[in-house]
Amino acid sequence: MTVVAECDVPLVRGIGVRSATLLVITNVIGSAIFLTPGSMAATLPSAALLLLAWCAGGVIAICGGLTYAEMGAMYPRSGGLYVFLEEAYGPLVAFLFGWTCMLVILTGSVATVAVGFAKYFSYFVPALSTSRAIVALPMPWGAWTISAGQIVAAASILALGGVNYFGVRSGNRLQAVLTVVKVAALAALPIVAIALHPVAPSFTPVVPPIARPAAAFGVVMIAVMWAYEGWYYLPFCAGEIADARRAVPRALVLGILSLIAIYVTVNIAYMLALPLDEIRGVERIAEKAVTALLGPSGAALVAATVVVSTLGCNAAAVIATSRACYAMACDGLFFQSAAAVHPVHRTPHVALAMTCGWSALLALTGTYEQLFTWVTFASVAFGVLGGLAIFRLRRIAPGVERPYRVSGYPVVPAIFVLGLGALVVNTAIEQPMASLVGTFIVALGLPAFWYWRSERMVRP
């Protein structure tokens with residue numbers, strides 16, 4: 001079968017505004033909203049300040065969405081932040097971002113969400129638990145143990161890759177259905193909580209009696225921003241969005257506003273279901289809250305919701321991950337085969353196979369969580385560079401058509417940059433070793449960049 005590149009057979013622009021908005025929502029809502037509020041309440045035991053943190057995270061995300069919307073409308077091709085960094089700073093910075101994304105950030109996120117899917121799937125099939133080891137392979141550093149749940153996680157990634165292999169429309173339909181189901185389930189939670197309201201929460205803005213409330217708020221904001229992680233994935237598939245110059249800005253704004261409403265109302269529902277003292281430190285907070293409202297059947301409902309939520313999140317994430325790989329290959333900065341477009345299905349099938357295969361391997365090894373921790377610093381730092389890119393592009397590319405200009409410039413992009421910049425500083429202070437290791441992983445991309453750049457220069 002002949003392999004063809006994008007310049008010969010373009011990707012299909014089969015994603016409309018409605019589907020693009022659902023992509024933003026489903027990319028973000030995975031398992032965080034079901035798990036993190038308990039640990040956040042343990043760090044910051046104040047209902048008012050917790051809700052303020054969710055709103056503040058939403059403000060940063062919407063400022064980022066408006067900022068990326070302008071650049072997405074300027075460069076409506078697949079690649080997203082990779083493309084913005086390349087246009088603003090050149091191929092080296094863009095490659096280092098793409099390298100880190102494919103090595104850990106995006107692929108590690110897919111693996112993490114897949115294991116979350118497997119954990120809740122085992123609620124219905126206990127034999128497939130992540131704690132049930134079925135394979136132990138001898139390795140020089142010790143036994144490599146693989147659980148039944150890890151196999152389920154890897155299989156779910158490969159299955160989603162297979163669906164997307166056969167066309168962006170088929171993958172888009174799947175994630176749209178899953179998104180509608182999980183948003184409906186999340187919307188039902190505050191309705192049930194308000195109807196039953198067993199607890200009357202206190203939202204008075206009193207600073208809790210903790211030693212460093214400002215520092216605690218900063219730590220909570222890290223968790224909040226990771227819960228919002230993924231809104232910027234949409235521009236990665238801009239090359240497959242119909243009328244991307246108009247659809248990308250609209251979908252980003254509508255999607256992020258929807259996320260703010262969902263996150264705030266769901267947290268209020270938790271506080272209506274349980275006293276704040278019973279929320280603090282609880283890992284499966286959604287399960288405990290719904291059980292308090294509906295009884296034992298609540299656990300099964302939450303498990304089913306998380307299964308749908310995580311699967312839908314990854315259905316969209318595998319699109320973004322593969323398109324980052326595809327964009328790098330099109331620039332000659334990755335294996336040339338990854339730039340192939342399937343002649344029948346018109347999808348970057350090789351890039352899909354590479355990124356889904358690597359994500360599945362990370363899920364099987366179980367090392368993704370540590371890797372993901374290491375690149376937290378790098379991921380947020382690249383986000384800061386992405387926000388700063390709009391200022392640089394306004395200066396060096398004034399003649400490029402801008403169908404959309406960010407409202408409130410330069411204040412809105414500045415809020416986004418300063419918000420993420422504070423998280424970079426906080427991560428460097430709170431996790432210095434992880435930040436250094438993350439920087440080292442990024443630096444490992446330098447010899448790879450020089451190799452592929454030299455290969456591109458000698459290609460006929």
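Name the residue that is surrounded by the most Cβ atoms within 10 Å (Cβ to Cβ), counting only residues in the range 394-407 that are closer than 21 Å to A247 by Cα and either without any contact (Cβ under 8 Å) to a residue 12 or more places away in the chain or under 26 Å from the mean Cα position of the chain (by Cα) (or both). Result: V406. Of the residues examined, T21 is one that is within 15 Å of the chain's Cα centre (by Cα), more than 11 Å from Y228 (Cα to Cα), at pLDDT 85 or above and not acidic (D, E).
Just checking, which of I146, I194 is β-branched (V, I, T), at pLDDT 80 or above and more than 30 Å from T347 (Cα to Cα)? Answer to the check: I146.
Might you check whether a residue that is modelled with pLDDT under 75 and assigned to a loop (DSSP other than H, G, I, E, B) occurs anywhere in the range 212-228? Yes, because at least one residue in the range 212-228 is modelled with pLDDT under 75 and assigned to a loop (DSSP other than H, G, I, E, B).
Of all residues in the range 76-96, those that are assigned to a helix (DSSP H, G or I), touching a Leu at 6+ places or on another chain (Cβ under 8 Å) and either of a type in the set (S, T, Y) or under 9 Å from A327 (Cα atoms) (or both) total 1.
At least 2 residues being more than 27 Å from V83 (Cβ to Cβ) is the threshold, and among the helices (runs of 4 or more DSSP H) wholly inside the range 284-401 those reaching it are 285-294, 297-330, 349-365, 368-374.
Quick check on the range 236-252: of everything there that is under 19 Å from V110 (Cβ atoms) and in contact with a strand residue (DSSP E or B) (Cβ under 9 Å, 6 or more places away or on another chain), which residue is surrounded by the most Cβ atoms within 10 Å (Cβ to Cβ)? Checking each candidate, the answer is C237. When you look at A353, is it out of contact with any Cys (no Cβ under 8 Å at 6 or more places or on another chain) and either modelled with pLDDT under 90 or charged (D, E, K, R) (or both), yes or no? No: the conditions fail for A353. In summary, P413 fulfils each of the numbered conditions (1) buried (at least 21 other Cβ atoms within 10 Å of the Cβ); (2) outside any helix (DSSP H, G or I) with the single exception of condition (2). Taken together, Y123, Y82 contain a single residue that is of a type in the set (S, T, Y) and under 30 Å from V411 (Cβ atoms), which is Y82.
The values are calculated or read from the model by the stated rules, or taken from the named source; none is laboratory data. Quantities reported herein were computed from a predicted structural model and do not represent experimental measurements. Every residue, glycine as well, gets a Cβ built from its backbone with ideal geometry; the counts of neighbours run over all protein chains shown.
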